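**Student:** Got a structure for you, written out below as structure tokens; questions coming shortly.
The values are calculated or read from the model by the stated rules, or taken from the named source; none is laboratory data. Just so it is clear, the model here is predicted, and its values are computed rather than measured. Cβ placement follows ideal geometry from the backbone for every residue including glycine, while neighbour counts extend to all protein chains displayed. With ligands, DNA and RNA removed, areas are computed over all heavy atoms of the protein, side chains included. Shrake-Rupley method; radii C 1.70, N 1.55, O 1.52, S 1.80 Å.
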Amino acid sequence: MYEWITCDIDSDEMCSEVYKLLANNYVEDDENMFRFNYSKEFLRWALRPPGYFKSWHIGVRVKSSKKLVAFITGVPARVRVRDDIVTMAEVNFLCVHKKLRSKRLAPVMIKEITRRVHLENIWQAAYTAGIVIPTPITSCQYWHRSLNPKKLIEVGFSRLGPRMTMSRTIKLYKLPESTATPGFRTMGLRDVPAVTRLLSNYLSQFVVAPYFNEHDVEHWLLPTEGVVDSYVVESPETHEITDFCSFYTLPSSILGNQNYSTLKAAYSYYIVSTRTPLLQLMNDALIVAKQKDFDVFNALDLMHNESFLKELKFGPGDGNLHYYLYNYRIRHTLKPSELGLVLL
Ligand code: JJ1
């Protein structure tokens, strides 16, 4: 009836099949108004980090028709938990076709990825979910900063506040035309060593965080058009790299709107401020995201994000993101501010 496949995401045909399965069947909000629409370029980026295993990109086809009906992935990562550096699988993109839900296929997908991870002598995993299952290491809340409030309201992503008109709302969310920080510029290949140092040093304060080397930073943080955007602040005097910010592109399909089909969302990724005030750095991130035509800038309340969310006019969303570790016991639940890991 069904058959396992290993997905060759280098192949355009395979990547398109995966793209379509996810675009039609992956995560929606609680009212089924929006659905994640990961791009093909994004999927290739997310699934081929340094040292990735092709065998961890797993699909299920219907034998007779060859239709792809389920998918799950893992990628290897070094994750530090307190002073313990553990090679883990980051498991993501678990998706079962809508027509095959409640046939208990998800546990089968999870068993198979677990088996293939164990074959590589890796015994821990990290993953996130929008729902609570046993047992989260922490639970984060999504926050949203309107960049194009008129569209967000028209598509039902946000609502006009009490005693607010459309023009007052547009004025409230207006941003400067250009960034404020001298030396704020796009990250380049030459910045990889400095960004790795800056980020390693910053992430060392969190209980759980990735343990990135230069190869990881080049893959995960060097700008990739339409996938990930990263900026550094280079001191105009010393030419040192003092600050860093990044976001990734994850549009959502707007389900059943006459005028719009996609919501362009930027998601806050890794941020480090040592010289530039965090508020100013993030305001510059909002400005460049607006210039790039994003409709909304999303962030979780992890790392030091709480310190800028309210001031920069982010509002709490209706979604949560729960973080989990497999086969790793951390005695106490963490506060979101103790978490330094962003999964895609
Ligand atoms: O995007 C989300 N919610 C939006 C839309 C809500 C539409 C109705 N349910 C939201 N909008 C309010 C924005 C407003 C802007 C002005 C200021 C005040 C706020 O709240 C939510 C996150 O909040 N997204 C989801 O629910 C999608 C699923 C999230 C779980 C992801 C699971 C990941 C899977 C494993 O990797």
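**Student:** Taking the Cα centre of the chain as the origin, how large is its charge dipole in debye, to the nearest 20, when only Lys and Arg (+1) and Asp and Glu (-1) carry charge on their Cβ atoms?
**Tutor:** Computed charge dipole of the chain: roughly 1240 debye.
**Student:** For LYS171 and THR87, what does the FRET efficiency come to when R0 = 51 Å and r is the distance between their Cβ atoms, rounded to the nearest 0.05?
**Tutor:** The pair LYS171/THR87 has a calculated efficiency of 0.55.
**Student:** Follow-up. Could you calculate, for the range 254-344, the ratio of the Cα radius of gyration to the Kirkwood radius, expressed as Rg to Rh?
**Tutor:** Ratio value, two decimals: 1.02.
**Student:** Compute the FRET efficiency between SER102 and GLN291 as 1/(1 + (r/R0)^6), taking r as their Cβ-Cβ distance and R0 = 25 Å, and round to the nearest 0.05.
**Tutor:** Using R0 = 25 Å, I get an efficiency of 0.05.
**Student:** With the cut-off at 1.5 for a/c, could you classify the range 87-205 from its C-alpha gyration tensor as rounded, prolate or oblate?
**Tutor:** oblate
**Student:** Could you work out [θ]222 nm for the chain from helices alone, using -39500 (n - 2.57) per DSSP H run of at least four and dividing by all its residues? Round to the nearest 500 deg cm²/dmol.
**Tutor:** -7500 deg cm²/dmol
**Student:** Where the accessible area of the chain is counted over protein heavy atoms with a 1.4 Å probe, how much of it, in %, is carbon and sulfur?
**Tutor:** Here carbon and sulfur together make up 51 percent of the probe-accessible area.
**Student:** Over the range 82-182, calculate the relative contact order: mean separation of alpha carbon pairs under 8 Å at least 6 apart, over the residue count, as a percent.
**Tutor:** 24
**Student:** Whole-Hz Karplus ³J(HN,Hα) for the range 289-303, in order, using 6.51 cos²θ - 1.76 cosθ + 1.60 and θ = phi - 60°, x for Gly and Pro?
**Tutor:** 5, 5, 4, 8, 6, 5, 8, 8, 10, 9, 8, 9, 8, 8, 6
**Student:** Using Cα centres only, tell me the gap between the range 180-229 and the range 72-101 in whole Å.
**Tutor:** If we compute the Cα centre of each part, the gap is 21 Å.
**Student:** Take the alpha-carbon centre of the range 149-177, take the same for the range 292-344, and report the distance between them in whole Å.
**Tutor:** Computed from Cα coordinates, the inter-centre distance equals 24 Å.
**Student:** Here's a follow-up. Explain nothing, just compute: Karplus ³J(HN,Hα) = 6.51 cos²θ - 1.76 cosθ + 1.60, θ = phi - 60°, for every residue of the range 170-179 in order, whole Hz, x for Gly and Pro.
**Tutor:** 4, 5, 4, 9, 4, 10, x, 5, 9, 5
**Student:** Using the Karplus curve 6.51 cos²θ - 1.76 cosθ + 1.60 with θ = phi - 60°, work out ³J(HN,Hα) for each residue of the range 15-22 in order, rounded to whole Hz, and write x for Gly and Pro.
**Tutor:** Those phi angles translate into 4, 5, 4, 5, 3, 5, 4, 5 Hz.
**Student:** In debye, nearest 20: dipole of the range 230-344 around its Cα centre with unit charges on the Cβ of K, R (+) and D, E (-)?
**Tutor:** Roughly 400 debye for the range 230-344.
**Student:** So who's got an amide H within less than 5 Å of the one on ALA125, skipping anything under 5 residues away but keeping other chains? H placed 1.01 Å off N, in plane.
**Tutor:** Amide H neighbours of ALA125: ALA89, TYR326.
**Student:** Continuing with this model, one more query. Taking amide hydrogens as modeled 1.01 Å from N in the peptide plane, which residues meet the under 5 Å criterion relative to ARG80, leaving out close sequence neighbours?
**Tutor:** VAL86, ALA209, TYR211
**Student:** Do you know the relative contact order of the chain, to the nearest whole percent, from alpha carbon pairs under 8 angstrom that are 6+ apart?
**Tutor:** So the answer I get is 22 percent.
**Student:** From the Cα gyration tensor of the chain, with a ≥ b ≥ c the square roots of its eigenvalues, which class applies: rounded if a/c is under 1.5, or else prolate if a/b is larger than b/c, or else oblate?
**Tutor:** In terms of gyration-tensor shape, oblate.
**Student:** Follow-up. Counting only residues 5 or more places away or on other chains, whose amide H sits under 5 Å from the amide H of GLU240 once H atoms are built in the peptide plane?
**Tutor:** Those qualifying (amide H under 5 Å, at least 5 residues apart or on another chain) are SER235.
**Student:** For the range 2-127, what's the relative contact order in percent, using C-alpha pairs closer than 8 Å and at least 6 residues apart?
**Tutor:** 23
**Student:** Shifting gears a bit: How compact is the range 2-127 by the rule of thumb for globular proteins, expressed as Cα Rg over 2.2 N^0.38 Å?
**Tutor:** So the range 2-127 has a normalised radius of gyration of 1.07.
**Student:** Can I ask one more? I'd like to compare 316-325, 177-186: which one has the highest average count of other Cβ atoms within 10 Å, and what's the full order after that?
**Tutor:** Per-residue mean Cβ counts within 10 Å order the peptides as 316-325, 177-186.
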